[in-house]
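Scroll down for the structure; my scribbles are underneath it.
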Amino acid sequence: MAQVSLTGNDESAFWQRADDCLIRYSGGGIFLRRIIERAEGVYLYDADGDGKPIIDFTSGQMSSILGHSNPEIVAIINRQAAKLDHLFSGMLSRPVVDLASRLSSMLPPGLDKVQLLSTGGESNECAIRIAKMYTGKFEIVGLANSWHGVTFAAASMTYQLTRKGYGPAAAGSLALPTPNGYRSPFRNPDGTYDWKKELDYGFSLVDSQSVGSLAAVIVEPILSSGGVIVLPPGYLRRLKEHCVQRGMLLIVDEAQTGVGRTGKNWAFEHDGVVPDILTLSKTLGAGLPLSAVVTSREIEEVVHSRGFSFWKSFTTHVSDPLPAAVGLQVLEMLERDNLAGQAEYLGERFRSFLLGLQAQYECIGEVRGMGLMQGMEIVKDRTTKEPDETLATALSDRMLELGLSANVLRIPGIGSSFRMAPPLTITQEELDAGLAIIADAFRTTPGANLVFAVHVNRAST
Ligand SMILES: Cc1ncc(COP(=O)(O)O)c(C=O)c1O
């Protein structure tokens with residue numbers, strides 16, 4: 001397809017209009033000054049007319065696991081939109097029942113009943129309502145540095161800078177420490193990370209703050225917006241034990257990790273634990289707004305008998321046929337194309353590359369992730385672990401100049417981390433092309449010192 005070429009004047013008129021008419025919703029940041037005209041597979045094409053694509057290492061907003069404008073998804077959207085798009089919320093259609101039954105058949109017993117919604121925040125809102133109604137309690141516990149959405153209950157469980165400035169969070173919002181093995185002060189005598197002690201200590205604080213109404217814990221298997229922090233092996237299992245001891249439900253939010261990305265269809269499988277409530281979103285619609293809440297027959301039966309409703313009547317886009325048809329196709333492709341296996345295989349290649357880069361560059365403090373979801377933390381030096389936001393931003397800007405979009409998270413008090421999660425359909429050649437750009441960016445960004453160079457410089461001072 002021919003590229004749209006904008007003259008400098010056209011482009012500045014575009015940004016003038018954007019600045020004039022759009023609410024600046026991104027906190028202190030500004031919109032990235034690129035006009036994206038189209039996207040295909042792993043590539044984004046902008047308006048500057050040079051025809052050079054940008055490799056998308058964030059799958060849009062971590063969602064487009066089948067790449068952009070996947071032809072099979074485009075065909076389903078066209079077919080379903082022409083046939084049945086949206087309905088009164090109390091009516092059902094075939095794609096909804098087909099998706100719900102396929103999803104529950106791919107999940108272990110105990111995750112049997114499904115509700116389809118639109119966004120991740122909405123699915124967590126719904127999960128928290130179910131947990132409150134089932135337990136008859138109202139205190140919800142999340143991990144510090146979590147992200148669960150911007151709607152009220154989800155935002156109350158989102159321990160990020162975005163918490164400030166909007167008045168009180170929900171009563172009964174409590175936090176556990178993030179199990180960040182790179183930075184945690186909880187250490188065994190040999191210096192290794194003691195996450196169990198940290199978790200048990202966290203629960204002792206929860207117990208002392210609780211007013212006796214503990215309903216649920218909500219967690220992400222990988223805290224993505226918290227800096228790609230992977231829960232240590234065994235953590236979810238121990239968390240579940242704490243929940244059982246207190247009569248709490250365990251809600252696992254797999255907005256980003258669900259649907260194959262970590263090398264298994266669902267990330268909770270890595271720990272062999274079945275959550276009481278599972279939420280899926282971003283990846284389930286592969287870029288379209290679709291989310292799901294899944295729970296057990298027993299929990300569903302109890303809350304139904306108590307009059308569970310989300311919302312008072314129905315929410316507008318519950319059980320919409322169009323996104324449901326897309327979700328069904330996503331699950332079909334997940335199984336047919338062994339996307340989890342692909343994520344595991346290419347993820348290993350991705351990870352070895354990043355570990356190799358870390359061996360070369362002093363500024364890479366830690367590499368962490370699973371499958372095709374990888375992060376690396378940029379620090380001023382490895383001993384102090386002081387985050388280097390300036391360098392991380394310079395590296396990310398350089399990657400973009402060279403044709404790669406990778407996301408830098410700046411998390412006060414936590415660090416400065418790259419978050420990378422390309423589509424699961426990326427080929428090895430496309431992945432390697434992206435990795436070559438990362439290597440090039442490190443080579444050509446001032447301040448990204450080689451380990452060897454740093455040691456030589458230190459030795460000579
Ligand atoms: C783990 C997690 N849960 C929930 C959400 C919220 O999803 P949404 O933005 O679709 O409401 C996000 C969004 O980034 C997320 O990463």
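Is it the case that region 383-392 has a residue that's among the small types (G, A, S), open to solvent by less than 50 Å² (accessible area, probe 1.4 Å) and in contact (Cβ under 8 Å) with a residue 40 or more places away in the chain? So far as region 383-392 goes, no, none of its residues is among the small types (G, A, S), open to solvent by less than 50 Å² (accessible area, probe 1.4 Å) and in contact (Cβ under 8 Å) with a residue 40 or more places away in the chain. Does G90 satisfy the criteria of being modelled with pLDDT under 95, among the small types (G, A, S) and assigned by TED's automatic domain parsing to the domain that holds G260? The answer is yes for G90.
A quick yes/no check of all residues on (1) among the aromatic types (F, W, Y); (2) open to solvent by 40 Å² or more (accessible area, probe 1.4 Å):
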{"site": "H68", "(1), (2)": "no, no"}
{"site": "V74", "(1), (2)": "no, yes"}
{"site": "F88", "(1), (2)": "yes, yes"}
{"site": "M106", "(1), (2)": "no, no"}
{"site": "P109", "(1), (2)": "no, yes"}
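On inspection, E254 qualifies as at pLDDT 95 or above and within 14 Å of M62 (Cα to Cα).
Restricting to region 83-119, what's the tally of residues that are within 16 Å of the ligand (Cβ to nearest atom) and under 14 Å from V294 (Cβ atoms)? Spell out the reasoning first.
Filtering region 83-119 down to residues within 16 Å of the ligand (Cβ to nearest atom) leaves 115-119.
Restricting the remaining residues to those that are under 14 Å from V294 (Cβ atoms) gives 115-117.
Residues that pass the stated criteria total 3.
Is at least one residue of region 70-85 outside any helix (DSSP H, G or I) and either touching a Leu at 6+ places or on another chain (Cβ under 7 Å) or within 26 Å of L278 (Cα to Cα) (or both)? It would help to see each step written out before you state the result.
Within region 70-85, the first condition is being outside any helix (DSSP H, G or I), and the residues that meet it are 70, 84-85.
Going one step further and asking which of them are either touching a Leu at 6+ places or on another chain (Cβ under 7 Å) or within 26 Å of L278 (Cα to Cα) (or both), we end up with 85.
Checking region 70-85: at least one residue is outside any helix (DSSP H, G or I) and either touching a Leu at 6+ places or on another chain (Cβ under 7 Å) or within 26 Å of L278 (Cα to Cα) (or both).
Being modelled with pLDDT of 95 or more and of a type in the set (G, A, S) narrows it down to one residue among G8, G41; which is it?
G41
Could you check region 434-453 and list, in sequence order, the residues that are open to solvent by less than 30 Å² (accessible area, probe 1.4 Å) and in contact with a strand residue (DSSP E or B) (Cβ under 8 Å, 6 or more places away or on another chain)? Give the steps one after another, and end with the answer.
In the first step, residues of region 434-453 are kept if they are open to solvent by less than 30 Å² (accessible area, probe 1.4 Å); the result is 434-435, 437-439, 441-442, 445, 448, 451.
Hits for region 434-453 are G434, I437, I438, A441, F442, A448, V451.
This table checks each residue for (1) modelled with pLDDT of 95 or more; (2) closer than 18 Å to Y25 by Cα; (3) more than 10 Å from the ligand (Cβ to nearest atom); (4) of a type outside the set (G, A, S).
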residue	(1), (2), (3), (4)
I130	yes, no, yes, yes
M133	yes, no, yes, yes
F138	yes, no, yes, yes
H148	yes, yes, no, yes
A153	yes, no, yes, no
S156	yes, no, yes, no
P168	yes, no, yes, yes
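When region 280-292 is filtered for residues that are within 12 Å of the ligand (Cβ to nearest atom) and either farther than 25 Å from E72 by Cβ or open to solvent by 10 Å² or more (accessible area, probe 1.4 Å) (or both), the ones remaining, listed by number, are K282, G287, L288, P289. Among the residues of region 132-171, those identified as open to solvent by 10 Å² or more (accessible area, probe 1.4 Å), in a helix (DSSP H, G or I), within 30 Å of E301 (Cβ to Cβ) and not basic (K, R) are M133, Y134, T135, F152, A153, A155. Among the residues making up region 240-277, those that are within 12 Å of the ligand (Cβ to nearest atom) and hydrophobic (A, V, I, L, M, F, W, C) are I251, V252, A255, A267.
Checked against (1) in a helix (DSSP H, G or I); (2) of a type in the set (A, V, I, L, M, F, W, C); (3) under 30 Å from A39 (Cα atoms), L236 meets all criteria but (3). Output yes when any residue across region 309-320 is farther than 30 Å from A82 by Cα, modelled with pLDDT under 95 and either in a helix (DSSP H, G or I) or away from the ligand (no atom under 16 Å from the Cβ) (or both), and no when none is. Yes. Per the listing G327, G356, G341, the residue uniquely without any contact (Cβ under 8 Å) to a residue 12 or more places away in the chain and open to solvent by less than 50 Å² (accessible area, probe 1.4 Å) is G356. The single condition from (1) outside the structural domain of A169 (by TED's automatic domain parsing); (2) more than 16 Å from the ligand (Cβ to nearest atom) that N78 fails is (1).
If you go through region 362-385 one residue at a time, do you hit one that is in a helix (DSSP H, G or I) and not assigned by TED's automatic domain parsing to the domain that holds E269? Before the answer, list the steps.
Going through region 362-385, the residues in a helix (DSSP H, G or I) turn out to be none.
Looking for residues that are in a helix (DSSP H, G or I) and not assigned by TED's automatic domain parsing to the domain that holds E269, one finds none in region 362-385, hence no.
Residues in region 412-433 that are open to solvent by 10 Å² or more (accessible area, probe 1.4 Å) and not in a helix (DSSP H, G or I): P412, G413, I414, R419, T425, T427.
The values are calculated or read from the model by the stated rules, or taken from the named source; none is laboratory data. Treat the numbers as computed from the prediction; the structure is a model and nothing was measured. Note that we place each Cβ from the backbone using ideal geometry, even for glycine, and neighbour counts take in every protein chain shown. Only protein heavy atoms, including side chains, enter the accessible area calculation; ligands, DNA and RNA are left aside. Shrake-Rupley method; radii C 1.70, N 1.55, O 1.52, S 1.80 Å.
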